[in-house]
Amino acid sequence: MVGLEKEGEKKPVPSIKPDPDDIAALIYTSGTTGDPKGVLLTHGGFTSNSHAGRKMYPELENIIGVSLSILPWAHSYGLTAELYTMIYLGGSIGIMGSVKTLAADLAKVKPNWLIAVPRVFNKIYDGLWSKMNETGGLPKKLFVMGVQSAKKRRELAEKGKSDLITNLKFKIADKIVFKKIRNGLGGRLMGSMTASAMVNPEIAHFFFDVGIPLYDCYGLSETSPAITMNSSVDYKLGTVGKPIEKVRVVIDKSLGDEKLGDGEIVVYGPNVMKGYHNKPEQTREVMTVDGGLRTGDRGRLDEDGFLHLTGRIKEQFKLENGKYVFPSSLEEDICLVPYVENAMIYGEGRAYNICLVVPDFLVLEKYARKNNLPSDPEKLVEMEEIKDFISGEIVKSLEGKYGGYEIPKKFVYLTEGFSLENGMLTQTMKVKRRVVLEKYQKNIEEQYKK
């Protein structure tokens, strides 16, 4: 290294200082519903985004930041929110080995901040409940007491009230149970910024109560990526936060529901892309004449300026009866069922929805052992008993929350998971619908014929 530096000193080259408007990166969209497109992002877009996000978490300025990298830096979310921001703050980043080593990696790295997606915390939450249900006895009673007392404590606080017994129960559970959860995640985690989907409110409240707040944010590859953020100093659960510094959000209500008061989210600011590489027609489709970006997502701004997401225009479809279905919200809730690893809803132009299900075979294996069933994945998904059981759990989890027309009537069970390796997941763990459909369209059609 010293020799290389000496050679470099002989022929000094002046540093290049780019203009804010210069192209910094060409990042391809995830291609969840169509062909990937090369997004042209600028130096000014990245830096304004990183600075704006950092300012929303002032506590990070006063600590030696440590993060565990879960998301790839080839994606704008990991690149801006984690790599650029942590470098600016003088922090350090550990690299996750794989999803399977996440628990061990958290214990080793002991991060005090995480840039993540909701699915990470969904799995942790499901794992905790599965462990408690399996263990039973006093540990489960203390866990349930903690969850219930935390909920009551929170509800009383919202009314400006407090209760001695509730506070005592929470204090006991926090010391005995919640502390163990925090230690299991490294013991220093102050919170996490999550994006790519909304955190389920029940799960968000749980982690807030445990002492690890999850802050929902919203963005796109085309916006470098942040548009809105919840933050430690200003948040509202159930929303994706307020527009970040220098970014303006407009709701085009001509593409919304009058009853909901929503519409297409249009974004203005230095974070907006220059366009799609060598795709002028596709660029014109999403860019307004005054420089705004049509996101393809539906939402509404409330009286406090927080953005509520109501659906994805680019993913929504109509059933045969003319009713709209927003599959992503259904899928997120289905994935909260402990026996489900992943799911995809299909039903465009059909009489009803069908759900492709990837079972969580690690959880299912325990169920199979307890019920003297074969543990081989291929044999398990062929068993009507298993399919009926998981289908029933899925339907039960959706009833009362969704209309009857939205709840899937039939299910296709898969032995191969959705992954980055087989091209069925994006880098932020979203399902690539087009790729999955190409592989399983025949299986879906067979179900509609029955």
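Quick notes
- Residue in the stretch 9-36 that is farthest from LYS430 (Cα to Cα), counting only those that are modelled with pLDDT of 90 or more and not in a strand (DSSP E or B): LYS17
- Test: VAL412 is over 24 Å from ASN200 (Cα atoms) and open to solvent by less than 50 Å² (accessible area, probe 1.4 Å): yes
- When the stretch 292-338 is filtered for residues that are under 18 Å from LEU414 (Cα atoms), open to solvent by 40 Å² or more (accessible area, probe 1.4 Å) and out of contact with any Ser or Thr (no Cβ under 9 Å at 6 or more places or on another chain), only GLU332 remains.
- Looking only at the stretch 265-290, residues that are of a type outside the set (Val, Ile, Thr) and either free of Cβ contacts under 8 Å to residues at least 24 places away in the same chain or farther than 14 Å from GLU222 by Cβ (or both) come to 7 in all.
- Count of the stretch 421-450 residues which are assigned to a loop (DSSP other than H, G, I, E, B) and either in contact with a Gly (Cβ under 9 Å, 6 or more places away or on another chain) or farther than 20 Å from GLU315 by Cβ (or both): 8
- Strands (runs of 3 or more DSSP E) within the stretch 59-161 that include 3 or more residues out of contact with any Gly (no Cβ under 6 Å at 6 or more places or on another chain) and modelled with pLDDT under 90: none
- Taken together, the criteria place GLY423 among residues that are farther than 17 Å from TYR339 by Cα, in contact (Cβ under 8 Å) with a residue 12 or more places away in the chain, out of contact with any Phe, Trp or Tyr (no Cβ under 8 Å at 6 or more places or on another chain) and surrounded by fewer than 17 Cβ atoms within 10 Å (Cβ to Cβ).
- Odd one out for ILE212 among (1) modelled with pLDDT of 95 or more; (2) under 21 Å from the mean Cα position of the chain (by Cα); (3) over 18 Å from ALA52 (Cβ atoms); (4) open to solvent by 10 Å² or more (accessible area, probe 1.4 Å): (4)
- Of all positions in the stretch 320-335, none carries a residue that is among the aromatic types (Phe, Trp, Tyr), assigned to a helix (DSSP H, G or I) and in contact with an Asp or Glu (Cβ under 8 Å, 6 or more places away or on another chain).
- Every condition in (1) closer than 16 Å to ARG54 by Cα; (2) without any contact (Cβ under 8 Å) to a residue 24 or more places away in the chain is met by LYS246 except one, and the failing one is (2).
- For the stretch 194-209, the set of residues classified as surrounded by fewer than 23 Cβ atoms within 10 Å (Cβ to Cβ) and part of a loop (DSSP other than H, G, I, E, B) consists of SER196, ALA197, MET198, ASN200, listed by residue number.
- Every listed requirement among (1) farther than 24 Å from TYR235 by Cβ; (2) loosely packed, with under 14 Cβ neighbours inside 10 Å; (3) in contact with a helix residue (DSSP H, G or I) (Cβ under 8 Å, 6 or more places away or on another chain) is met by LEU168 save one, (3).
- Within the stretch 348-396, being open to solvent by less than 30 Å² (accessible area, probe 1.4 Å) and touching a strand residue (DSSP E or B) at 6+ places or on another chain (Cβ under 6 Å) holds for ASN353, ILE354, CYS355, LEU356, VAL357, VAL358, ASP360, VAL381, SER391.
- First in the stretch 222-237 and closer than 19 Å to PHE46 by Cα and buried (at least 24 other Cβ atoms within 10 Å of the Cβ), second anywhere and of a type in the set (S, T, N, Q) and at pLDDT below 95, Cβ under 6 Å, 6 or more apart: SER224/SER76; PRO225/SER76
- Selection count where residues are open to solvent by 50 Å² or more (accessible area, probe 1.4 Å) and touching a helix residue (DSSP H, G or I) at 6+ places or on another chain (Cβ under 8 Å), scope the stretch 121-144: 4
- Only one of the numbered conditions (1) crowded, with 18+ Cβ neighbours inside 10 Å; (2) out of contact with any strand residue (DSSP E or B) (no Cβ under 9 Å at 6 or more places or on another chain) is not met by VAL289, and that is (1).
The values are calculated or read from the model by the stated rules, or taken from the named source; none is laboratory data. Remember, predicted model here, so these are calculated numbers, not experimental data. We place every Cβ from the backbone using ideal geometry, glycine too, and count neighbours over all the protein chains shown. The area values use the complete protein model at the heavy-atom level, side chains included, leaving out ligands, DNA and RNA. Shrake-Rupley method; radii C 1.70, N 1.55, O 1.52, S 1.80 Å.
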